[in-house]
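Novice: Structure below; questions to follow.
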């Protein structure tokens, strides 16, 4: 989404911000049935793929055992060379790696909004209009709902839920949050996270193989983009609707630390 800057101050009335926030919540609620259906379909797809994979591995194991039984009895046993400990493989592979990334990004947004609200309550952000706090709480709750839905996919597929923010950029995000001293500063940081999330979902629609995963990502992406659009207004930037979201800020699965 391209923008045209106006100035550094807030350029939206509380009335308009509350109206946009209400519209945002209405849009979010409208996506919930499709999101729920998509995540349930994705769990079934993963379970089916796992069953097929296990069947294939059992077949390979049986063939290997048969081969070993036919080996010459006089053949000297082979001993594996001593090696360094191998790192534990990630439980998240394939499309589930993208699902895990989605949970981590949603958790990161929840953390950021939560930290901002605490800073506002402590008086570290100056005067915070009530409408800004309402937007922050609403966006935070929506991110939490998305994280819960994606985590249900992971646990339903027999993988551990993502807890916290296992991302390599989390330390930098926390550092940036600690330096923020105004509503404008919080809005700009939140905007960077929202654009990252929206573009990551857009990226997923063309890089995930699961039809259900694609559908779910496509359902959530517009909600994240709406968060970003409202933040642009808060910052005095007027969004110009693009046909497609850019992908230059999309997070990659390599950002995960699990």
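Quick note: the coordinates plus some simple rules give every number you see, no bench work behind them. This one's a predicted model, so the numbers in the text were calculated from it and none came from an experiment. FYI the Cβ positions are ideal-geometry reconstructions off the backbone, even for glycines, and counts take in every protein chain you see.
Novice: Under a no-solvent Debye model with one identical scatterer per Cα of the stretch 122-163, what's log10 I(q)/I(0) at q = 0.14, 0.29 Å⁻¹?
Specialist: With one equal scatterer per Cα and no solvent, log10 I(q)/I(0) is -0.50, -0.94.
Novice: Then there's this: Kindly put 195, 106, 40 in sequence by how many other C-beta atoms sit within 10 Å of each C-beta, fewest to most.
Specialist: Details: 195 22, 106 26, 40 16.
Starting with the residue having the fewest Cβ neighbours, the order is 40, 195, 106.
Novice: To continue, here is another question. Just to verify a number: FRET efficiency for residue 16 and residue 88, C-beta to C-beta distance, R0 = 45 Å, to 0.05? Don't jump to the answer; show the numbers that get you there.
Specialist: Numbers: r = 51 Å, r/R0 = 1.13.
Using R0 = 45 Å, I get an efficiency of 0.35.
Novice: What is the stretch 109-191's relative contact order, in percent, from Cα pairs under 8 angstrom and six or more apart in sequence?
Specialist: Numbers: 45 pairs, mean separation 35.6, N = 83.
With pairs under 8 Å counted, the relative contact order is 43 percent.
Novice: If I model a spin label at residue 29 and residue 252 as a point 7 Å from the Cα along the Cα→Cβ vector, what separation in nanometres do I get?
Specialist: My value for the distance between the label points is 4.1 nm.
Novice: Another question, then. By count of other Cβ within 10 Å, fewest leading, how are 47, 159 ordered?
Specialist: Fewest-to-most Cβ neighbours within 10 Å comes out as 47, 159.
Novice: Between residue 127 and residue 49, what's the calculated FRET efficiency when r is the beta-carbon distance and R0 is 45 Å? Round to 0.05.
Specialist: Values: r = 53 Å, r/R0 = 1.18.
Once the sixth-power term is evaluated, E becomes 0.25.
Novice: In addition: Which of 192, 13 has the fewest other C-beta atoms within 10 Å, and how do the rest follow up to the most?
Specialist: Numbers: 192 15, 13 11.
So the residues, fewest neighbours to most, are 13, 192.
Novice: Report Rg(Cα)/(2.2 N^0.38 Å) for the stretch 85-160, keeping two decimals. Could you put the intermediate results ahead of the total?
Specialist: Working: Rg = 16.6 Å, N = 76, 2.2 N^0.38 = 11.4 Å.
Against the compact-globule rule of thumb, the ratio is 1.45.
Novice: Could you work out the Rg to Rh ratio of the stretch 88-233, with Rh taken as the Kirkwood radius (inverse of the mean 1/r over all Cα pairs)?
Specialist: Details: Rg = 15.6 Å, Rh = 15.7 Å.
Result: Rg/Rh = 0.99.
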